[in-house]
């Protein structure tokens, strides 16, 4: 291969190797160095940033959907396949891939596996852990490994939960088998406004206590809504201290009943205003602001810290008023603070890796966006 290039970039020198004749000794020297797998680079824990002298191994060109079985409701994909591309491929069969981090138009499935990604619908449909059947890869010593299986009751140790969320430290992922779920006949979203962030947190607990498992449940406070509304024009109540987005899906009868039940609970919990999406376009508009909250933070500052924490439903109400800028997700609440960074962006991303690492599986982290 060609000699390393000297061109500087945010990750160091790129490329380490170019296309050309293969020098086996040179390759041994390369693989002996620290390999850091990289998908689309959308993760916020800094996992795609190599150490000095390390090698960044991109899987972006491994982007084929190898097999999609609508009868078994599974898909076998390469690591560089985008999250949303799986749903797009499954859509003609009335199926989709449930985890939907806010970066789903760009993030790749291997990165989702590495971070145990969730999304706004993780309360009902689970995280990546709940939607992946098998992971194939290459271990640090070059061994081909496979975790899990699409077949039930496979003998041996179940190590799938070990590799999902391991942030690329256990293997370079080369293939993933995912579950596909039927697309609901109908989905509608409630947007509820509150005069107090703590009251909104109590409303979350009230919904869960009522025995309702919403398809999606998110909270945004006033600084967050005021950041995104000029950008997405989602129709958020900018005078509210916080808003809740609560979604129901299923058959039309199921959705109508659940929307009525949740509206009653939210009114009793102190909502000042409630709006229900009247069309699919309006539902998507409600969610558009939430999914664009992170990039919209650039309106406040070009450099900022992203802090991700996890707390149980029992602590959600009393903790929900703590951060200045927040976004919480149902049974696990996520706080996102936007503030100028005194360090470089790369350094800030490395420091942000030290967040939300105490959650046990399978709850994991609903953190990859």
Only one of (1) touching a strand residue (DSSP E or B) at 6+ places or on another chain (Cβ under 7 Å); (2) farther than 23 Å from residue 120 by Cα; (3) modelled with pLDDT of 80 or more; (4) not assigned by TED's automatic domain parsing to the domain that holds residue 146 does not apply to residue 16, and that is (3)
Please specify each residue of segment 106-141 satisfying the condition of being in contact with a strand residue (DSSP E or B) (Cβ under 7 Å, 6 or more places away or on another chain), in a loop (DSSP other than H, G, I, E, B) and without any contact (Cβ under 8 Å) to a residue 60 or more places away in the chain.
139
Would you tally the residues in segment 142-155 being on the phi > 0 side of the Ramachandran plot, free of Cβ contacts under 8 Å to residues at least 40 places away in the same chain and over 24 Å from the mean Cα position of the chain (by Cα)?
1
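Out of everything in segment 227-249 that is in contact with a strand residue (DSSP E or B) (Cβ under 7 Å, 6 or more places away or on another chain) and outside any loop (DSSP other than H, G, I, E, B), what residue ends up being farthest from residue 123 (Cα to Cα)? Quick ask: steps written out before the conclusion?
First, pick out the residues of segment 227-249 that are in contact with a strand residue (DSSP E or B) (Cβ under 7 Å, 6 or more places away or on another chain): 236-237, 240-249.
Filter once more, so that each one left must be outside any loop (DSSP other than H, G, I, E, B): 242-249.
On the way: 242: 20, 243: 18, 244: 14, 245: 13, 246: 11, 247: 11, 248: 12, 249: 13 Å.
Of everything passing the filter in segment 227-249, 242 is farthest from residue 123 (Cα to Cα).
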Any residue at all in segment 195-216 that's touching a strand residue (DSSP E or B) at 6+ places or on another chain (Cβ under 6 Å), within 29 Å of residue 296 (Cβ to Cβ), part of a strand (DSSP E or B) and assigned by TED's automatic domain parsing to the domain that holds residue 299?
yes
Surrounded by 22 or more Cβ atoms within 10 Å (Cβ to Cβ) and within 15 Å of residue 40 (Cα to Cα) - does that describe any residue in segment 124-145?
no
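Could you tell me how many of the residues in segment 63-87 are part of a loop (DSSP other than H, G, I, E, B) and either out of contact with any strand residue (DSSP E or B) (no Cβ under 7 Å at 6 or more places or on another chain) or surrounded by fewer than 17 Cβ atoms within 10 Å (Cβ to Cβ) (or both)? Quick ask: steps written out before the conclusion?
From segment 63-87, those part of a loop (DSSP other than H, G, I, E, B) are 63-64, 70-73, 78-81; that's our starting set.
Next, from what is left, pick out any that are either out of contact with any strand residue (DSSP E or B) (no Cβ under 7 Å at 6 or more places or on another chain) or surrounded by fewer than 17 Cβ atoms within 10 Å (Cβ to Cβ) (or both): 63-64, 70-73.
Within segment 63-87, residues that are part of a loop (DSSP other than H, G, I, E, B) and either out of contact with any strand residue (DSSP E or B) (no Cβ under 7 Å at 6 or more places or on another chain) or surrounded by fewer than 17 Cβ atoms within 10 Å (Cβ to Cβ) (or both) number 6.
The values are calculated or read from the model by the stated rules, or taken from the named source; none is laboratory data. Bear in mind that the values here come from a model prediction, so they are computed numbers and not experimental data. Don't worry about glycine lacking a Cβ; one is built from the backbone with ideal geometry, like all the others, and counts go over all protein chains shown.
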